[in-house]
Amino acid sequence: MQSEEWKFTAKDIAEKPDLFMSGHRACAGCAPAAVMRLILKATRGPTIVTMATGCMEVVSTIYPYTSWAVPWLHTAFENAAANASGIEAAIKVLRKKGRIKDEHVDVIAIAGDGGTYDIGIQALSGAVERGHDFLFVLYDNEAYMNTGIQRSGGTPLGASTTTSPAGEVIPGKLEPKKPIADIMVAHEIPYVATASPYYWRDLIIKVRKGLEVEGPAFLHVFAPCPRGWRSDPSKSIELSRLAVETCVFPLWECINGEYQLSAPSKVIAMAPQKKKPVKEYLAVQGRFRHLFTPKYEKLIDEIQRITDMRWQKLLKKCGIA
Amino acid sequence: MKIPKTLKEMPLTPLSLPTIGSMGKTGTWRTFRPIIDYSKCTKCTLCWIYCPDAAITRRDDDSPEIDYEYCKGCGICANECPVKAIAMKREEE
């Protein structure tokens, strides 16, 4: 990894043309689309993007047109990471044979939470174990939104989805969210980080760090979905801020096994009175509406307990608590 | 099998063309129309950064301009604007 921190101003990224173009068919207020734009602002040269099936693939590539102004490959739901390792290996061979000039080509694999948490984890685990030099971006909208809001491994406890509907029998999803970024840290890869689009500067720097590092990198990006979360389209970015401020989704990075909190979460670690209760985050989302009825009220305390437990665990890993 | 050496020898492959408006003019989806009050705008460019549709462009002096052909009217710009310089108005008004 380059020791020098990459510095940029808002003007620098403004001068870069948009590589994810307008006129795609994402819903109004789609935070993942904003995430895609920001990711492509961080590229440093020739880049190939490969993408698993998911919302962002469906909305941006309507044959014979595409919204991506970079070489882009679609692949099946389960093998975005396998595809990325193939691309990286092919570039290596072509360079060895002298078919392409000796310049660095970055490979980014992008998948949603379904394509990472559930269906894609075997390909991802294999690709990072083989040590291919690529960046895997998980944009986490916490359910299979594109096929009709089915629960995934990334859906949080208590969220109502079409396959875990809240009602008389169950209070939404019964299991908490799978800690995917910690699973990736356990693979002992050089770079793992979490990011949120509200903190756009932090997100862009983390994407660039993931590209610069030699070997596999994993980036977990929080991406609110107004359709599936039944929230106001204008609140998507605000939700990505609330998730960080309530510590539901803390921001950290792990470089070669060393955990460290990123600035927005560090502020909360240093001044615990700034930590907001999870109630504030839950109240603005329709998928948690049932938690505010007398029958399921207790679940809010349970969500708070799990959030606090995970936050304390993270602080310990960062050597703060 | 003969390995193709030039582009002409390659078999026909469908490729998608990168273009603005791959889904047509998405501005027709809009119910609420964002209107910028330039007297309040501080040119912080946050609206431009957060717009999921890349429908906000920057003029030479950094002030934002909304591209109504592609703006879907989600209201993220109005919600995130720190000085509340963007108002959402109904389309028919």
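FYI, it's all coordinate maths here, none of it is from the lab. These numbers were taken from a predicted model, which means no experiment stands behind them. Positions of Cβ are backbone-derived with ideal geometry, glycine not excepted, and every protein chain shown enters the neighbour counts.
Below are the figures for this structure:
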quantity	calculated
Average other protein chain Cβ within 10 Å of Cβ, residues A:178-189	0
Inter-label distance, nm, simple model (7 Å from Cα along the C-beta direction), A:Asp308/B:Glu93	4.4 nm
Alpha carbon convex hull of region A:83-191, projected area averaged over orientations, nm²	8.0 nm²
Angle between chain A longest axis and helix A:31-41 axis [Cα atoms, degrees, rounded to 10]	30 degrees
Modelled FRET efficiency - R0 30 Å, A:Ile320 with A:Glu103, Cβ distances, 0.05 increments	0.15
Label-point separation, A:Lys276 to A:Gln260 (7 Å along Cα→Cβ), nm	2.8 nm
Dipole moment magnitude, nearest 20 debye, chain A about Cα centre, only Lys, Arg, Asp, Glu C-beta charged	400 debye
Gyration tensor (alpha-carbon) shape descriptor, region A:201-321, a/c threshold 1.5	oblate
Ordering of A:143-153, B:19-29 by burial proxy (mean other Cβ atoms within 10 Å per residue, highest first)	A:143-153, B:19-29
Cα-based helix-to-principal-axis angle, A:200-212 vs chain A, degrees rounded to 10	40 degrees
Label zone at A:Val267 (point 7 Å along Cα-to-Cβ), backbone N below 18 Å, region A:221-238	A:222, A:237-238
Reciprocal mean inverse distance between Cα atoms of the protein assembly as shown - Kirkwood radius, Å	22.2 Å
Ranked B:Arg59, B:Arg30, A:Arg289, criterion: other C-beta atoms within 10 Å, fewest first	B:Arg59, A:Arg289, B:Arg30
C-alpha center-to-center spacing [region B:29-93, region A:262-283] in angstrom	29 Å
Other protein chain Cβ atoms within 10 Å, averaged over every residue that makes up B:64-75	4
Region B:14-93 - charge dipole about Cα centre, Lys and Arg +1 at Cβ, Asp and Glu -1, debye rounded to 20	180 debye
The protein assembly as shown - share of DSSP beta bridges that are antiparallel (%, nearest 5)	40 percent
For chain A, built as a Gaussian network whose Cα springs stay under 10 Å, the top-fluctuating residue of A:Leu299, A:Leu135, A:Leu219	A:Leu299
Space enclosed by the convex hull of the alpha-carbon atoms of chain B, per residue, Å³	153 Å³
Tensor-based shape of region A:101-145 (alpha-carbon gyration tensor, a/c under 1.5 rounded, otherwise prolate or oblate)	oblate
Long-range amide H partners of A:Phe218 with built H, under 5 Å	A:Phe136, A:Tyr191, A:Val192, A:Ala193
Label point distance in nm, B:Thr57-A:Val70, each placed 7 Å from Cα along Cα→Cβ	2.3 nm
Shielding of A:227-234 by partner chains, average beta-carbon count, 10 Å	3
Ordering of A:96-106, B:31-41, A:34-44 by burial proxy (mean other Cβ atoms within 10 Å per residue, highest first)	A:34-44, B:31-41, A:96-106
